[in-house]
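We did not get these values from a lab; they are worked out from the coordinates using the rules stated. All values reported here derive from a predicted model rather than from experimental measurement. Quick reminder, even Gly has a Cβ in these numbers, built from the backbone with ideal geometry, and neighbours come from all protein chains shown.
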Amino acid sequence: MQNLTLEQLLSKTTKALEPRFGKEHSFFVAGWIINKLTDNIFSKSEAQNLSLEIVSPEVYQKLQTWVELLITKNYPLQYLLEETPFGNIELFIQAPILIPRPETEEWVMQLIANLQLFKKYPLKILDLCSGSGCIGLSVAHAFENFTVLAVDKNPQAIALIEKNIQHLELKNITALESDMFANLEKQTYDIIFCNPPYVTADEHEQLDDCVKLWEDKDALIADNNGLAFYELIGQQAQQYLNPKSLLTHDFCQLFLEIGETQAHAVTQLLQKNKWHVMSPIRDFNNKPRLIAASVKG
């Protein structure tokens, strides 16, 4: 290879990434992956040194492999970087665990803001279908008095959650391998969060290749037209909620992320099982994204 300076490599990589990420965003993506491969060189170098710093052959070859993965294989950027921001925390992420979405981040941050009223209380939180742990970890990080149990059936997800627990140095969250409620002890919680699989098999085929080819299908696809997990939650979740919680009269106790076309169907499923359901909460694209419910008195 020719000897390239850091400045030249940044320009060359930006140009190569444009077919996937567009002209404006490619510069930032190029910077992120070069920074990852060079042990955060941009934070250590003065701006004027970018034109002097020579890139090693090893870094150059690895970078070409990464660019090829991104462009020709539609590999998720987050899996390359092995980390992703979520609210006020930085999470480790790895294939094939579902990558946290901005829509999820939005409602989680809003709920954390709303829960500030209860920050002094020892609330117990159950995070079902936890995946990377983004929801449970964010809540545990925000509220040291809360106790969080993050549940997922995938042992790879549990290992990732435990890695993030150590990374964030959290003492108030644990992870449990369980298919929904199957391995839970008979105890109750003040709040249940769940971002379950809700995509149909047909919808999965229409997703972008970066999702369809790389992210765990089991974390995306649900039976019964995408409603299987909501049915199970509607039937079983009430027995895991504390009927004497201080939230029962002031705050919903069940929060479910939904697909943008599922608000009516999920509401009906919950009402059938004697839940009181609030109007769907919309995301930044004005699409129904969250169902909040409480147990009928």
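In the chain, the inverse of the mean reciprocal separation of distinct Cα atoms equals 20.9 Å; this is its Kirkwood hydrodynamic radius. A crude spin-label estimate for the pair Q236 and N224, with each label 7 Å from Cα along the Cβ direction, gives 1.2 nm.
A crude spin-label estimate for the pair K12 and N74, with each label 7 Å from Cα along the Cβ direction, gives 2.8 nm. In segment 79-140, Rg over Rh equals 0.99, where Rg is the alpha-carbon radius of gyration and Rh the Kirkwood radius from pairwise Cα distances. Database remark: amide H of R289 closer than 5 angstrom to the amide H of I281, R282, D283 (H placed geometrically; neighbours at sequence offset of 5 or more, or on other chains; Pro and chain starts carry no H). Computed from the Kirkwood radius of its Cα pairs, the Stokes-Einstein diffusion coefficient for segment 160-287 at 25 °C and 0.890 mPa s stands at 147 µm²/s.
If the elastic network links every pair of Cα atoms under 10 Å, which of F143, F251, F284 fluctuates the most in the Gaussian network model of the chain? For the chain, modelled as a Gaussian network with Cα springs under 10 Å, the answer is F284. Taking GluC sites (Glu not before Pro) across segment 202-275, the ones in a DSSP loop with at most 16 further Cβ atoms lying within 10 angstrom of their Cβ are E260.
Every helix of 4 or more DSSP H residues in the chain counts as -39500 (n - 2.57), and over all residues that averages to -12500 deg cm²/dmol at 222 nm. Of the peptides 7-14, 126-133, 241-248, 188-195, the ranking by mean beta-carbon count within 10 Å, highest at the top, reads 126-133, 188-195, 7-14, 241-248. Our summary gives segment 125-238 a relative contact order of 25 percent, counting only alpha carbon pairs under 8 angstrom and 6 or more residues apart.
Annotation for segment 75-159: trypsin sites (Lys or Arg not before Pro) lying in DSSP loop with at most 14 further Cβ atoms inside 10 Å of their Cβ are K119, K120.
In this structure the amide hydrogen of L241, modeled in the peptide plane, comes within under 5 Å of the amide hydrogens of Y189, none closer than 5 places in sequence on its chain.
Counted residue by residue at 0.36 nm each, then reduced by the alpha carbon distance between them, the extension gain from K217 to K287 reaches 22.9 nm. Here the extension length gained between E82 and S56 equals 7.2 nm, from 0.36 nm per residue of separation less the Cα-Cα distance. Spacing of the modelled spin labels on A182 and K23, each 7 Å from Cα toward Cβ, amounts to 5.2 nm. Listed values for segment 73-86 are Karplus-derived 3J(HN,Hα) couplings in whole Hz (6.51 cos²θ - 1.76 cosθ + 1.60, θ = phi - 60°), namely 10, 6, 5, x, 4, 4, 5, 5, 6, 6, 7, 7, x, 8, and x replaces Gly and Pro.
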